[in-house]
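Student: Shown below is the structure under consideration.
The values are calculated or read from the model by the stated rules, or taken from the named source; none is laboratory data. Values in this document were obtained by computation on a predicted structure and should not be read as measured data. In this analysis, Cβ positions are derived from the backbone assuming ideal geometry, glycine residues included, and neighbour counts consider all displayed protein chains. These accessible areas exclude ligands, DNA and RNA; they are computed on the full protein's heavy atoms, side chains included. Shrake-Rupley method; radii C 1.70, N 1.55, O 1.52, S 1.80 Å.
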Amino acid sequence: MGAASSETAALRECRSREQPEIPPGTKCPGEESTWLSIEVTLELVLEAAASKGRGAGAERVSMGDHLEKGQHALLNEGDENEMEIFGYRTQGCKKALCLIGSIFSLGILPLVFYWRPAWHVWANCVPCSLQEADVVLLKTTDEFKIYSWKRVMWISLSALNRTSGLTPDHPLITDEEYIINRAIRKPDLKVRYIKVQKIRYVWNNLEGQFQKIGSLEDWLSSAKIHQKFGLGLTSEEQEIRRLICGPNAIDVEITPIWKLLVKEVLNPFYIFQLFSVCLWFSEDYKEYALAIILMSVISIALTVYDLRQQSVKLHHLVESHNSITVSVCERKAGVQDLESRLLVPGDLLILTGSRVQMPCDAILIDGSCVVDEGMLTGESIPVTKTPLSQMASSAPWKMQTEADPRRHVLFCGTEVIQARAAGSGSVRAVVLQTGFNTAKGDLVRSILYPKPMNFKLYRDAIRFLLCLVGTATIGMIYTLCVYVLSGEPPEEVVRKALDVITIAVPPALPAALTTGIIYAQRRLKKKGIFCISPQRINVCGQLNLVCFDKTGTLTRGGLDPWGVVPCDQNGFQAVHCFASGKALPQGPLCAAMATCHSLILLDGAIQGDPLDLKMFEATKWVPGEGLVILRQFPFSSALQRMTVIVQEMGGARLAFMKGAPERVASFCQPDTVPSSFISELQIYTTQGFRVIALAYKKLESDCPATALMREKVESDLVFLGLLILENRLKEETKPVLEELISARIRTVMITGDNLQTAITVARKSGMVSEGQKIILVEANEATGSSSASISWKLVEEKKQIPSGNQDNYINIREEVPDNGREGSYHFALSGKSFQVISQNFSSLLPKILINGTIFARMSPGQKSSLVEEFQKLDYFVGMCGDGANDCGALKMAHVGISLSEQEASVASPFTSKTPNIECVPHLIKEGRAALVTSFCMFKYMALYSMIQYVGVLLLYWETNSLSNYQFLFQDLAITTLIGVTMNLNGANPKLVPFRPAGRLISPPLLLSVILNILLSLAMHIVGFVLVQKQPWYLMELHSACPTRNDSILAITTSPHVPEKTRSNSTFASFENTTIWFLGTINCIIVALVFSKGKPFRQPTYTNYIFVLVLILQMGLCLFILFADIPDLHRRLDLLCTPVLWRVYILVMISSNFVVSLAVEETIIENRALWLAVKRCFGYQSKSQYRIWQRNLANDSSWPPLNQISYSDMQGVSYSNPVFESNEEQL
């Protein structure tokens, strides 16, 4: 456990700060990089607009309509990582032209190709069929349409011709039954392949397509596996497979520092910084240029250091997997020890001893194993693996039985605790998958190549930057016109025009965007919530639906035996409560509880599933006393039961079964199942108890236990009774759900438990409040001539007159509730019904999901699909689970929150150390605060750049500008400090019943920015015009201060305006002084206006550092304004003005502040006003769930009750991903 926890922590640390990654197009497959920083800075925004070929938002240009025959195909069709693949052939003349272009463009063209991998291929290659291609262009089929390219590589088998006598006519080559053989081109014995995200794809010459290699074929039957691989591979087969499949290794290279450095420097943001720095040096603005260089160097150094450390940690974490010695049976040479790197699909592993780390995925074909699958499931519970039986059926081995095929598979990265041979033989397993094709390899690949995230804020950020660029373009044109007409030298004109770009796109923007997320991440860490995907913190602020697992999440993880309800021919007997302390009487019921489990005795301690352990301990049975377990049919989520064959010492042979009550009863003799079975079951499930049924039968002793078929054993059983287990709510559950519901955040329960137990927990937890009704939705598959059907029944909670200690039960009510149409109803359904509805009732699924609250008996695959269906309705979905069977849903949700610290939870963006759901409202509050902070910073940076932009363009009219020190004061002393401290506000402790705006282009935000820009523009123009109308403006002096003007009497009254800046400075002027003071102080007051407090953040006055910074900055500016210190004025290139004019400046700034604050508080932040405006203009939300809610509110026939609908009435069937059939454990 300790090792597993440390590995988990390391994995989690390695995942932090990473970005969605696609291998860069400029590298060949063997040179893929595995790491890239995930800092939520301008890098994230700019990469979305101009991707390096590695991140979210890469090239989206259409491939065009004209494709050559055989040029296009699909890779991994139907899988999550499906891609389009296009064939291209390198053309010499095109390549030469690109080389010439790279030289003449001074490296700009290769840089563009680096950011746009598709352009690189189109510029250097011509389209051709995939069979002839030497380069392939890949495009993901998801919404991101990310491009990358790969070179087609070759593997030569000619070396085997010399060592093994391998010729084109060799039987191993001519047998084209397997993909490996079909990939070998004859007669030259070569194989074409590409490597994409660590996986090899070989060219199948027979089918004409690239196919994944490194796994056994899915079509293989169990008989074929036993026949072909049961005795091992020959040495020749092993050599061929090693060459083609590659090593069985999960190699994560330690990326060289120089490569990390180059990739970081080639970020579009740093290229822009390089351009800005060069421009500033040319203008002798070296102080700020050096400051930016220093900040950039520190940022790059820290990023490269972090990336290097992450690369090293992940490398060391998986390195041990690649250096394991295993025993392999070779068909001719027998058993021999082999390094795990040399394993290939089809090798026969011999498992001996205990505590063995699996270096690959393997199918168990002989013997049994007890395995710790904590790395996969999140629960360190021993799982029993059984061998794959050799059946005569030709169906694929995964489909030969209704049981979960994973019970036969030993997964890579899991630990074999015990290997037990059948009889005198050995434990044998056939290698199924190697390298990155394995379960652990897939987990590591999910870390290296996470799915990009689509959030409107980041798309709006691109538009924000484009607006700044557009504004800069207008300013450049204006600057060119003014300076050309003024007769300025061409180099000065170009410098001034380019300078506008660096003013419009502020250098402090990336730091400002980063700090809010960093501060939120730190606050979450203090609360025990760890984040490995920082950009998702903003997404948390938009959550409006949260799904919860039940067991271990809403309720306590452990189950305590409450009692048993025995039964005999007369029906159910009196309850035996374990709390009484009386021992359970000896008999079949006690024996069933003592033997029907997967517990093992390891190192003197009983280990296994906690439920099994509690059940066994309740019997007070001593291990090995009287009964011997001969064979197990392990628990299967799909089958919802487990069975054991037991031998009594000197007695009969028995079979015991436990499982879901409904399933167990179906295997029993009808006359042994009490007539009150359903009502008795409901009595306990409606109180939130977990119920397991037990049954048994006597077996004949003349047949070996290993020869008995499961179907024969599990028939004509005798029903024994019910085991009642108590699963209480966690203390934190009800208050948290009440807080979420009061904040109008939908809560949904997704569990693998019994439906009625789930309904009771939903009521007790407050998920379904008093007065709200539950409608049970039951759907049945099509059978024979009848179509799939769906029924609707009202579930009513009624009190039961005492006959024992039961409180209530579930009753089906016939009449329609009076308030059923007011939205006060919830749908409850099982996983089976969800699957039938998804596949047969396309029009009903969204309607059900709008009010669907309780989903029971859901398999892991169904959980993921349900989350995806909610996302299709435009909900922002959070998922909170314990990591056991929730990994898929945690990854699928916008925000996944794991309450487990096992390795399986690494895929979840957030992990809580506190194992309860209190983390959910904390996360939403911090997400809302971070989102509002991001908007505040975008608004402030927009205003800051526009204030400086307007001031500079006004001064350009006089062919003047701000001096370097004036720029430096505004950029560093004002804006940078504000950007760092403005984000320190914590989250508001109260969760309000509405969310912050999720888009930058929402009307309130746009209006706020536009109005403040207009106010600043008006103030600057007024100041610029008024200063020129002052009587002292016509002085041919450096100052208008009487005390310092020796030649005050020599004021000229000539009609022309004399030159006012005959000083050492070329910038000092009254316009410059006025504009600088107005702009600088305006930057401070805008920060105060835009710093939002309630309802999503704590009030601004609680941000003591920010308030102190504003006070100091304002005090400093006022000191400079009113202090008559010549040296200070000379240093800042200012002119002394009369005190009255300084008061005028202060009045203008104060007026701007009052108007800006009034507009912000009375209009922009007036939620009631905006709601009224929406109603006035008839605006309605375009979110799918809102549209459905409005439609259902006007539908008098909804919800239907006491009706049955059939699929042939519903039109086109609903298409949905194939579900996994495995259920959550009982």
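Student: Assuming 0.36 nm per residue, please report the length gained on full extension of the stretch V484 to V1143 beyond their Cα-Cα distance.
Tutor: Length gained, V484 through V1143: 233.6 nm.
Student: For segment 613-716, which whole percent of the accessible surface, found with a 1.4 angstrom probe, sits on carbon and sulfur atoms? Present the calculation step by step, with values, prior to reporting the outcome.
Tutor: On the way: 2400 of 4440 Å².
Here it works out to 54 percent.
Student: Quick one: Karplus J couplings for segment 359-365, per residue in order, coefficients 6.51, -1.76, 1.60, θ = phi - 60°, nearest Hz, x for Gly and Pro?
Tutor: Here the 3J(HN,Hα) series is x, 7, 8, 9, 8, 6, 10 Hz.
Student: Further question: Please give the FRET efficiency for L106 paired with K286, using the beta carbon to beta carbon distance and R0 = 25 Å, rounded to the nearest 0.05.
Tutor: On the way: r = 23 Å, r/R0 = 0.94.
Efficiency, from the Cβ-Cβ distance: 0.60.
Student: What number comes out for accessible area per residue over segment 104-174 if the probe is 1.4 Å? Units Å², please.
Tutor: Working: 3240 Å² over 71 residues.
Accessible area per residue: 46 Å².
Student: Right, something else. Assuming R0 = 25 Å, what is the FRET efficiency of S424 and V628, from their Cβ-Cβ distance, to the nearest 0.05? Kindly include the intermediate steps, with their values, before the conclusion.
Tutor: Working: r = 18 Å, r/R0 = 0.73.
After rounding to 0.05, the efficiency reads 0.85.
Student: Describe numerically, in nm with one decimal, the distance between label points set 7 Å from Cα along Cα→Cβ at L466 and at M153.
Tutor: 3.9
Student: Using a probe of 1.4 angstrom, how much of the accessible area of segment 867-967 is carbon and sulfur, in percent? If you can, show how the numbers build up before the last one.
Tutor: On the way: 1060 of 2050 Å².
Here carbon and sulfur together make up 52 percent of the probe-accessible area.
Student: Kindly sort W1076, W119, W621 by accessible area of their heavy atoms, largest first, with the probe set to 1.4 Å.
Tutor: Values: W1076 0, W119 100, W621 50 Å².
Ranked list, largest accessible area first: W119, W621, W1076.
Student: If amide hydrogens are placed 1.01 Å from N in the peptide plane, which non-local residues have theirs closer than 5 Å to the one on G552?
Tutor: Amide H neighbours of G552: G557.
Student: Mind checking the full-extension length gain between D702 and L1006? Use 0.36 nm per residue of separation minus the Cα-Cα distance, one decimal, nm.
Tutor: Numbers: separation 304, 0.36 × 304 = 109.44 nm, distance 8.40 nm.
101.0 nm is the gain from fully extending D702 to L1006.
Student: Stretched out fully, how many nm does the piece from E177 to S235 gain, at 0.36 nm a residue minus the Cα gap?
Tutor: Working: separation 58, 0.36 × 58 = 20.88 nm, distance 1.89 nm.
Between E177 and S235, full extension yields an extra 19.0 nm.
Student: Could you grab the relative contact order for segment 461-594? Cα pairs under 8 Å, six or more apart, rounded to a whole percent. Numbers along the way, then the final one.
Tutor: Working: 70 pairs, mean separation 16.7, N = 134.
Contact order relative to length: 12 percent.
Student: Let me ask something additional. Would you work out the charge dipole size for segment 282-327 about its Cα centre, treating the Cβ of every Lys and Arg as +1 and the Cβ of every Asp and Glu as -1, and quote it to the nearest 20 debye?
Tutor: Taking the Cα centre of segment 282-327 as origin, the dipole is about 280 debye.
Student: Accessible area per residue of segment 852-962 at 1.4 Å probe, in Å²? Mind dumping the intermediate values first?
Tutor: Details: 2020 Å² over 111 residues.
Normalised by residue count, the accessible surface of segment 852-962 is 18 Å².
Student: Under a plain spin-label model, where a point goes 7 Å from the Cα along Cα-to-Cβ, how far apart in nm are K228 and M1114?
Tutor: Calculated label separation equals 7.9 nm.
Student: Now, a different point. If I ignore ligands, DNA and RNA and count only protein heavy atoms, how much of R185 is accessible to a 1.4 Å probe, in Å² to the nearest 10?
Tutor: Surface open to solvent at R185 totals about 90 Å².
Student: If you don't mind, another one. Please give the net charge around K95, taking every other residue with its beta carbon less than 15 angstrom from that of K95, where Lys and Arg add +1 and Asp and Glu add -1. Numbers along the way, then the final one.
Tutor: Values: positive: R89, K94, R151; negative: D134.
The answer is +2.
Student: Right, another one. With all protein chains present, how much of the accessible area of segment 148-292 (probe radius 1.4 Å) comes from carbon and sulfur, to the nearest whole percent? All intermediate terms of the calculation are to be shown ahead of the outcome.
Tutor: Working: 3410 of 5870 Å².
Looking at segment 148-292 in its full context, I get 58 percent from C and S.
Student: Order M941, M1148, M709, most accessible first, counting only protein heavy atoms with a 1.4 angstrom probe.
Tutor: Values: M941 0, M1148 30, M709 115 Å².
Of M941, M1148, M709, the descending order of accessible area is M709, M1148, M941.
Student: How charged is the neighbourhood of S1091? Take every other residue with its Cβ under 11 Å from the Cβ of S1091, and add Lys/Arg as +1 and Asp/Glu as -1. Spell out each step's value before the answer.
Tutor: Values: positive: K939, K1092, R1097; negative: E1160.
Value of the local net charge: +2.
Student: Once phi is turned into θ = phi - 60°, what whole-Hz ³J(HN,Hα) does the Karplus curve with 6.51, -1.76 and 1.60 give for every residue of segment 300-314, x standing for Gly and Pro?
Tutor: 5, 4, 5, 5, 4, 4, 4, 4, 4, 4, 5, 4, 5, 5, 5
Student: Per residue, how much accessible surface does segment 517-674 expose to a 1.4 Å probe? Answer in Å², no decimals. Walk me through the numbers before you get to the answer.
Tutor: Values: 6120 Å² over 158 residues.
It amounts to 39 Å² per residue over segment 517-674.
Student: Taking 28 Å as the cut-off for C-alpha to C-alpha distance, list the pairs among K224/K698; K620/K832; K198/K332; K730/K847; K526/K1094; K734/K1092 that go past it.
Tutor: Values: K224/K698 35 Å; K620/K832 37 Å; K198/K332 33 Å; K730/K847 31 Å; K526/K1094 22 Å; K734/K1092 31 Å.
Check vs 28 Å cut-off fails for K224/K698; K620/K832; K198/K332; K730/K847; K734/K1092.
Student: Shifting gears a bit: Calculate the FRET efficiency for S675 and Q1189 from the Cβ-Cβ distance with a Förster distance of 56 Å, rounded to the nearest 0.05. Numbers along the way, then the final one.
Tutor: Details: r = 44 Å, r/R0 = 0.79.
Once rounded, the FRET efficiency stands at 0.80.
Student: Take the Cα of A652, step 7 Å along the line toward its Cβ, and report every residue of segment 540-581 whose backbone nitrogen sits under 15 Å from that point.
Tutor: 569
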